[in-house]
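Visitor: Here it is, the structure, as structure tokens.
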Amino acid sequence: MFTPKWKKEALLLVKGARKFVNYKRDLLKPDRIAEIESRRDDLLAAIKSGDRKKVDEASRQIRATCENSLRSEKPPGWFEENVEVMFVAIVIALGLRTYVLQPFRIPTGSMQPTLNGIIGTPLAEKDWPSLPVRLTEMATRGRSYVKVVNDKDRPMLLGRDIEGNLLTDLRELMWLKYFSRSELRFADQSTLRLPAPPSQIKELGFGKALEIAYKNGGVLPAGTVICEGMIDAGDLVLVDRISYHFRRPIRGEVWVFDTRGIQGTKGNAPKGKGDKIADQEDGTHYIKRLGAVPGDTLAISPPNILINGKVAREPGFEKVYGLPLHGQPGEVGYSFANPRGSGYPPLLVKPGDSITLKSVAPPGMREYAALGDNSGNSLDSRYWGSVKEFNVVGPALFSLWPIKTGHWGFIR
């Protein structure tokens, strides 16, 4: 506090000279390093003597020595400096994503109304709002308006499922791991990109296009509307990748896990899923509510879930108990698995069914259970069993976007 300004500046110069040598040691010749160290010692001696003239002279000499030590070094231009800044920014962003906060886009409706997946709503083009309104809705609600019309006659690959519904080769595509799209493949090997995942494309009138193709001998005529309506983007959430390093997962919280190695009971999976619970490759992430932790026995007594024979009373579950069941008017809370709902042999189908989670297991193999808030429309532990500890990513922390769905903020 009472040190003179000239002495403070001289001490800073001593530190600066030391940093200069450390940063540039690989570029400096040994005699230059020795000279800088000698000048630094002279400056320290001058400071200790308290003679300001000696300090000023020693400061001048050490500056000149440092400035002349790398005469041939060309200062970086604007391009090199900007590339370096961008590179550092990318490294920091990747580090944050890997170890601190990971963005995750919710693709399905299994957590509605707590969190939104991608929602498709049929709407004729004549009923769309004006362009300014659509742009505003895109920015605040993540809502887009789409219409895809077949541009030429295309032969389709048609079949029927066990319930008699028409099927074709409609596949999901992922772009940058955040944006889900579809690809419709035809019998002549041509393809057509569609602006939403398969589930939402089917909600936007795709079934009508299939019926038209079926009645037309398997050919989709030019001019046929394949999909038409509006698509609301799934919530973009930030996943906390740090907390579980310092605490154990808490029953009832919303969490994210990856699907590596998770299979249907006895390895039986729906046709085309390759024994995986996700449509994409290993590593696809799911978001659910943490239904049970290692050592728990999980059962269902609609509308409640039972943990070790007692109704679970965590706040997250209490909220779900009052939520309406998807496709089941008048019913709320948690339901049994639908034996015909997924293609998997379900585990929790009737009273008395239960899942006991391992608490004593090799590292990474302790077990958890995951349940969707919209249990009438959720593929979860009721169907395919436990989530292993090595699959766990972290708790869902914050709903970042869209901002006008009522979900913006910390996730509960």
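The values are calculated or read from the model by the stated rules, or taken from the named source; none is laboratory data. Just so we're clear, the structure is a prediction, and the values are computed from it rather than from any experiment. Heads up, the Cβs are rebuilt from the backbone with ideal geometry, glycines too, and the neighbour counts pull from every protein chain shown.
One line per residue, one yes/no per condition, for (1) over 30 Å from Gln102 (Cβ atoms); (2) out of contact with any Ser or Thr (no Cβ under 9 Å at 6 or more places or on another chain):
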| position | (1), (2) |
| --- | --- |
| Ile162 | yes, yes |
| Arg171 | no, no |
| Ser180 | no, yes |
| Phe186 | yes, no |
| Thr191 | yes, yes |
| Ala209 | yes, no |
| Ala213 | yes, no |
| Val219 | yes, yes |
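Visitor: Return a yes/no flag: does the range 31-48 have any residue that is modelled with pLDDT under 85 and either over 30 Å from Ile242 (Cβ atoms) or in the same structural domain as Pro395 (by TED's automatic domain parsing) (or both).
Guide: no
Visitor: Moving on to the next point. Every residue in the range 145-156 that is under 35 Å from the mean Cα position of the chain (by Cα) and surrounded by 15 or more Cβ atoms within 10 Å (Cβ to Cβ), please.
Guide: Tyr145, Val146, Lys147, Val148, Asn150, Met156
Visitor: Could you list, ordered by first residue, the pairs with Cβ atoms under 7 Å in which the first is in the range 241-253 and under 17 Å from Met111 (Cβ atoms) and the second is part of a helix (DSSP H, G or I), at least 6 apart or interchain?
Guide: Gly252/Pro315; Gly252/Gly316; Gly252/Phe317; Glu253/Gly316
Visitor: Sticking with this structure for a sec: Among the residues that make up the range 67-84, is at least one of them in contact with a helix residue (DSSP H, G or I) (Cβ under 6 Å, 6 or more places away or on another chain) and farther than 30 Å from Arg412 by Cα?
Guide: For the range 67-84, residues in contact with a helix residue (DSSP H, G or I) (Cβ under 6 Å, 6 or more places away or on another chain) and farther than 30 Å from Arg412 by Cα: present.
Visitor: Can you name the number of the only condition in (1) touching a helix residue (DSSP H, G or I) at 6+ places or on another chain (Cβ under 9 Å); (2) part of a helix (DSSP H, G or I); (3) over 30 Å from Asp31 (Cα atoms) that Gly120 fails?
Guide: In the conditions (1) touching a helix residue (DSSP H, G or I) at 6+ places or on another chain (Cβ under 9 Å); (2) part of a helix (DSSP H, G or I); (3) over 30 Å from Asp31 (Cα atoms), Gly120 misses (2) alone.
Visitor: Here is a further query. Determine whether Ala124 is touching a residue at least 24 places away in the same chain (Cβ under 8 Å) and within 30 Å of Ala209 (Cα to Cα).
Guide: So Ala124 fits the description; yes.
Visitor: What single numbered condition from (1) modelled with pLDDT under 90; (2) farther than 26 Å from Arg241 by Cα fails to hold for Ile403?
Guide: (2)
Visitor: Return the pairs, sorted by first residue and then second, in which the second residue is acidic (Asp, Glu), the first residue lies in the range 1-29 and is free of Cβ contacts under 8 Å to residues at least 60 places away in the same chain, the beta carbons are less than 8 Å apart, and the residues are 6+ apart or on different chains.
Guide: That search, which allows pairs on different chains as well, returns Trp6/Asp56; Val21/Glu37; Leu27/Glu73.
Visitor: Which residue, of Ile47, Ile33, is more than 53 Å from the chain's Cα centre (by Cα), β-branched (Val, Ile, Thr) and outside any loop (DSSP other than H, G, I, E, B)?
Guide: That would be Ile47, the only listed residue that is more than 53 Å from the chain's Cα centre (by Cα), β-branched (Val, Ile, Thr) and outside any loop (DSSP other than H, G, I, E, B).
Visitor: Continuing with this model, one more query. Do you know which residues across the range 367-400 are crowded, with 19+ Cβ neighbours inside 10 Å, at pLDDT below 95 and of a type in the set (Phe, Trp, Tyr)?
Guide: Answer for the range 367-400, where residues must be crowded, with 19+ Cβ neighbours inside 10 Å, at pLDDT below 95 and of a type in the set (Phe, Trp, Tyr): Tyr383, Trp384.
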